[in-house]
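Shown next, in structure tokens, is the structure this report addresses.
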Amino acid sequence: MAVFELPFNVVDVSEHVCDRETCELVQQLPTALKEAALSYSFLLRYLHTLPIAEIGIPVYHEELEKSDGDEETPNFIYKSNTGEIFFHVFPDPEGIRDWLIAIEPSVEHPKFPMIMADIEEGLIEYTNELESTEGDQQLAAMLRWTLSHIFKQPVEMDLDEILALPKGFLGEEIEEEEEGLALSGAEGDSATSDEQNGSTAVAVVEKVEKTEAKPAKTGGKSGLFAPITKLFGVSKINLDIAKKYGLDEDAIEGIKYSMVREKVGMGVLQPLINDHHIEDISCSGVGQIFVEHKVFKSMKCSFGYQTHAELDEHVLRMSERIKKPVTFRQPVVDASLPDGSRINIVYGQDVSLRGTNYTIRKFSEEAISIIQLCKWKSLSWEMAAYLSITIEDGMNMFVSGETASGKTTLMNALCTFIEPNAKIVSIEDTAEVNVPHKNWIKEVTRKPKPGETDSGVGMFDLLRAALRQRPEFIIIGEIRGEEGLIAFQAMQTGHPVMATFHAASVQKLIQRLVGDPILVPKNYVDNLNIAVIQVAVRLPDGKMGRRAIAINEIVNYDSAADAFSFVEVFQWDPVTDTFEFTGFNNSYLLEQIIAPARGYPPARRRQIYSLVKRRARILEKLAASGLEEYQEVYQTIAKAIKDGVF
């Protein structure tokens, strides 16, 4: 993959030898950046390539804040959540898109292709060990072990990496007559106490000589990890690659990193995929790669593709990696990456005039909570309280909006309000729904494979099957076609349904529902109780944001007038960036459906609004207490629902 010209002149440091005690650059660095650079040699190497006199020393952040995005000329280095990658944010001189430069341990070497060829040949000797793995985590751990042996190095790995090795890999006894390698804790017995205290443990392989006497059993970590050495023993290849090419320790670590990134990850895209600050990754053809950043918005990367052949080769390799290979016969692929992110690929210049393109929509491991959304002003506390009541009472709801408006994020957050003991079935094309409940059936569609005669398993099939699974709540990733009619039939049979939908207003939502290809009969539409309209908007300060601009209650369909009536209970004011409870004392669902179901007499039905106010205050108090993580919010609200205090 090509590296494009950076917005500053890179300093040639090929001849520079950095003495960390006397290096002028090291002494100039602020304390936090200096500590990071001295801990990660590749970061220090990168800093030496910067024209500091011209651009200044970057500001270092261990973690970014949203306010960092307000900087007009950002010059930041921040640490990725993976811990071993850094990113440099640098302003674009033209002021269009700022630069995002990945700082990785990978190295450049004039004989890099020859080095990789020798390593590939060495990996052949470890085919059985590598093929014994299951899943990316095991493969990555085993590959690091293997590369250490190929380079004839002691094996240094985090405890988590060692425990990721294949099942049974640690469970054999070493035969006493075998000569091999023994594992001991780093820094002697202190490693055992470190492990017990919860800190990171490191296993170090040291060669021992064969003795006549039976070796004493080692305690702690040595006894646990010693069986690993029986499988590996000494290196299986005679070639000393490090000596042959004059590789120092930093170069070896860089090659290991690159090897794992290519074999297990998505190549040079892996740092972007790993960084939780990045929402979307976009390649529109030959040229640079672009990202949508949570803090710095639209940015351009320092790398991309210079030729169509290079782009096609990388995309083919990616598609094979996710087991959804693209071909000229099947050029369009929607799939999930190993971390759950969605990828759409369009392959070939015959269907994409600028060449192959792809878009990756990142998947957050931890969903965003309803409290976080309220703090970000995506919706108000009263709106969250209102929606919690309607979900609790089994109202059917669509979260509707345009692409990338935050529909799925909001729906995931609202799942917190579903009764904790409910059985939930979710149905999706690509797995994005994140439900905190234990009794959750998670189903995804399956497309027919090329050359096979079966028709695959679609949304319609899964939704029809879900009705036989006795769910107490059905969640549909997105309604696009005939499954919409089944969803409305499920509503009619008493199954609460929540789904996302592509429509920018309640009027357009209804038009799409009753039109082709969904074709829901008009007299069915009022089974949908609530339409939340989620939109990406421009805020009063000129920035972009995501807001639930309206919550509408669908009342009924008047066949004589051929018209639908609905009540807008909440509305966003674009001038003040605030929300108005327009349905206060005028909500059809609260007064005519929910209040009677909760036992309110006709004369006191408007007291239901006090419940909305009370729940809004509870959510605000939870936020003030510092509670905002998704699982913590769910556990707290679930307990409050169970105790009857929410």
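Among (1) modelled with pLDDT under 85; (2) in the same structural domain as Glu54 (by TED's automatic domain parsing), which single condition is Ala182 missing?
(2)
Quick one: which of Ala531, Ala595, Ala561, Ala550 is at pLDDT 95 or above, outside the structural domain of Asn396 (by TED's automatic domain parsing) and over 24 Å from Glu483 (Cα atoms)?
Ala550
Anything in segment 481-502 that is modelled with pLDDT under 90 and either within 27 Å of the chain's Cα centre (by Cα) or under 30 Å from Arg329 (Cβ atoms) (or both)? List them, or say none.
Gly481, Glu482, Glu483
Restricting to segment 519-557, what's the tally of residues that are over 22 Å from Trp376 (Cβ atoms), of a type in the set (A, V, I, L, M, F, W, C) and surrounded by fewer than 16 Cβ atoms within 10 Å (Cβ to Cβ)?
The qualifying residues number 2.
Could you check how many residues of segment 575-626 are surrounded by 13 or more Cβ atoms within 10 Å (Cβ to Cβ) and either part of a loop (DSSP other than H, G, I, E, B) or aliphatic (A, V, I, L, M) (or both)?
Matching residues across segment 575-626 total 22.
Filter segment 567-601 for residues that are of a type in the set (Phe, Trp, Tyr) and within 18 Å of Ala384 (Cβ to Cβ) and give the result.
Listed by number, the residues that qualify are Phe570, Trp572, Phe579, Phe581, Phe584.
Tell me which residues, restricted to segment 353-362, are more than 16 Å from the chain's Cα centre (by Cα) and either of a type in the set (Val, Ile, Thr) or surrounded by fewer than 16 Cβ atoms within 10 Å (Cβ to Cβ) (or both).
Result: Leu353, Arg354, Thr356.
What tally of residues in segment 124-144 results from selecting those that are exposed (fewer than 14 other Cβ atoms within 10 Å of the Cβ) and part of a loop (DSSP other than H, G, I, E, B)?
Selection size over segment 124-144: 2.
Go through segment 454-489 and count every residue that is part of a helix (DSSP H, G or I), buried (at least 21 other Cβ atoms within 10 Å of the Cβ) and among the small types (Gly, Ala, Ser).
3
I'd like to check something: does segment 442-453 contain any residue that is over 22 Å from Gly340 (Cα atoms) and surrounded by 15 or more Cβ atoms within 10 Å (Cβ to Cβ)?
No.
Among the numbered conditions (1) at pLDDT 90 or above; (2) over 23 Å from the mean Cα position of the chain (by Cα); (3) not in a helix (DSSP H, G or I), tell me where His109 comes up short.
(1)
Surrounded by fewer than 19 Cβ atoms within 10 Å (Cβ to Cβ), part of a loop (DSSP other than H, G, I, E, B) and under 21 Å from the mean Cα position of the chain (by Cα) - does that describe any residue in segment 384-399?
Within segment 384-399, none of the residues are surrounded by fewer than 19 Cβ atoms within 10 Å (Cβ to Cβ), part of a loop (DSSP other than H, G, I, E, B) and under 21 Å from the mean Cα position of the chain (by Cα).
Return the total of residues in segment 419-436 being in contact with a helix residue (DSSP H, G or I) (Cβ under 6 Å, 6 or more places away or on another chain) and either of a type outside the set (Val, Ile, Thr) or part of a loop (DSSP other than H, G, I, E, B) (or both).
Total meeting the criteria: 5.
Would you check if there is a residue in segment 134-148 being outside the structural domain of His277 (by TED's automatic domain parsing), over 23 Å from Ile85 (Cα atoms), in contact with a helix residue (DSSP H, G or I) (Cβ under 7 Å, 6 or more places away or on another chain) and at pLDDT below 85?
Among the residues of segment 134-148, not one is outside the structural domain of His277 (by TED's automatic domain parsing), over 23 Å from Ile85 (Cα atoms), in contact with a helix residue (DSSP H, G or I) (Cβ under 7 Å, 6 or more places away or on another chain) and at pLDDT below 85, which makes the answer no.
Is it fair to say Asn556 is over 19 Å from Leu410 (Cα atoms), in contact with a strand residue (DSSP E or B) (Cβ under 9 Å, 6 or more places away or on another chain) and touching a residue at least 12 places away in the same chain (Cβ under 8 Å)?
So Asn556 fits the description; yes.
Six or more apart or on different chains, Cβ atoms under 6 Å: show the pairs whose first residue is in segment 17-30 and within 16 Å of Ser41 (Cα to Cα) and hydrophobic (A, V, I, L, M, F, W, C) and whose second is surrounded by fewer than 16 Cβ atoms within 10 Å (Cβ to Cβ) and modelled with pLDDT under 90.
What qualifies is Val26/Arg20.
Check every one of the helices (runs of 4 or more DSSP H) wholly within segment 1-89 and list those with 3 or more residues that are among the aliphatic types (A, V, I, L, M) and crowded, with 16+ Cβ neighbours inside 10 Å.
So the answer is 31-39, 41-49.
Within segment 507-515, is there a residue that is within 20 Å of Thr430 (Cβ to Cβ) and buried (at least 22 other Cβ atoms within 10 Å of the Cβ)?
No: segment 507-515 contains no residue that is within 20 Å of Thr430 (Cβ to Cβ) and buried (at least 22 other Cβ atoms within 10 Å of the Cβ).
Is segment 561-571 home to any residue that is under 34 Å from the mean Cα position of the chain (by Cα), buried (at least 16 other Cβ atoms within 10 Å of the Cβ), of a type in the set (Val, Ile, Thr) and in a strand (DSSP E or B)?
yes
The values are calculated or read from the model by the stated rules, or taken from the named source; none is laboratory data. All values derive from a computational prediction rather than experimental measurement. In this analysis, Cβ positions are derived from the backbone assuming ideal geometry, glycine residues included, and neighbour counts consider all displayed protein chains.
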